[in-house]
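Notes follow the structure.
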Amino acid sequence: MISFICPSIRPKNWIKLFENINDNNFEFEIIFLGPNGDSNYLPEKCRYIKTNIKPPQCFEGGISISKYDIICLLCDDIIFEKSNFLFEINKNIHELSNKKILSMKISSYGENLNKPSSEYNFIELPIGGVFKKKDFYEIGGIDSRFIATLYDVDLYLRLLQKGYQNFVLNVNVKEIVRTTSLEPSLYNRYAKIDKKTLKSFWFENDKFIFSKKRDVKSFYKQDLLFKTQAPYGQWKNQISYFSNLKYNNIYYFFDKVRRLEFNFIYNFYLRYKHLKIIKFLKKFIKSS
């Protein structure tokens, strides 16, 4: 029925994620791809690919080895309010033939993320999109020029540009709050860089142009699962031994101290960002 592709560095969340999705009435698989994990304890419907490639390439590589004709990008830091995802997909699967993208409702730190953004002319973007594999390849797949984030936004925009529409399922998920300083955040680290890439594709003079035409730089198929393709970010020339040392709590702690990246500050901001004083401080920091 469906292959869930999950680029991941949080194997501690995998079993809970599987339990959230699992429904014995439907065929599915979850493919986890990332630098650390253990396939020995995973349920039968899960696979783990040990790899040090960048996240967008993990998604592309996961699709290349997936069993089913329907795919979904899954995150390892979400939790479902109830286990009805597969039921809702099956209930509405006919919509995929009507050029629909099935998606979920998601909240982060209490904020609804499904609201159309003025930045994209109030286009309603899918979140956790479910679509046909052949449609993915017809529009060129993931653009390899993204390092770690926003590649899904670009993918959804290209699907919508081809006439697809967002179809929101009755599925509610929320982002898991990062409570320790050891939880990494790719968005905090790479969104600024990847946003420049996204804007170069879809914006002119800082204005979003939905009709803008462009070429997609697809991933090369050779060594897709195990050798990162440029631009590399922190994933350049990673050998297995070095990555085993790097992807651990000690590394995360010192790396966050070096970058002044602390979750308690981030959590405080997300909780109180609606206040005028917080908006003023944000504007002041950006301008300084």
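The values are calculated or read from the model by the stated rules, or taken from the named source; none is laboratory data. None of the values given here were measured: they were computed from a predicted structure. Glycine also receives a Cβ, built like all others from the backbone with ideal geometry; neighbour counts cover every protein chain displayed.
Observations on the structure shown:
- So I78, is it within 14 Å of the chain's Cα centre (by Cα), closer than 24 Å to D135 by Cβ and either among the aromatic types (F, W, Y) or modelled with pLDDT under 95 (or both): yes
- Enumeration of residues in region 206-226 that are closer than 19 Å to F122 by Cβ and free of Cβ contacts under 8 Å to residues at least 60 places away in the same chain: D206, K207, I209, S211, K212
- When K100, K133 are checked against the criterion of being surrounded by 15 or more Cβ atoms within 10 Å (Cβ to Cβ), touching a residue at least 12 places away in the same chain (Cβ under 8 Å) and in contact with a Phe, Trp or Tyr (Cβ under 7 Å, 6 or more places away or on another chain), a single residue qualifies: K100.
- Any chance N25 is in contact (Cβ under 8 Å) with a residue 24 or more places away in the chain and either touching a helix residue (DSSP H, G or I) at 6+ places or on another chain (Cβ under 9 Å) or crowded, with 20+ Cβ neighbours inside 10 Å (or both): yes
- Taking the listed residues L157, L125, L169, the one that is hydrophobic (A, V, I, L, M, F, W, C) and assigned to a helix (DSSP H, G or I) is L157, with no other qualifying.
- Of the strands (runs of 3 or more DSSP E) lying entirely inside region 1-65, those carrying at least 2 residues that are touching a Lys or Arg at 6+ places or on another chain (Cβ under 8 Å) are 28-34.
- Only listed residue being exposed (fewer than 14 other Cβ atoms within 10 Å of the Cβ), modelled with pLDDT under 60 and small (G, A, S), chosen from S287, S240, S211: S240
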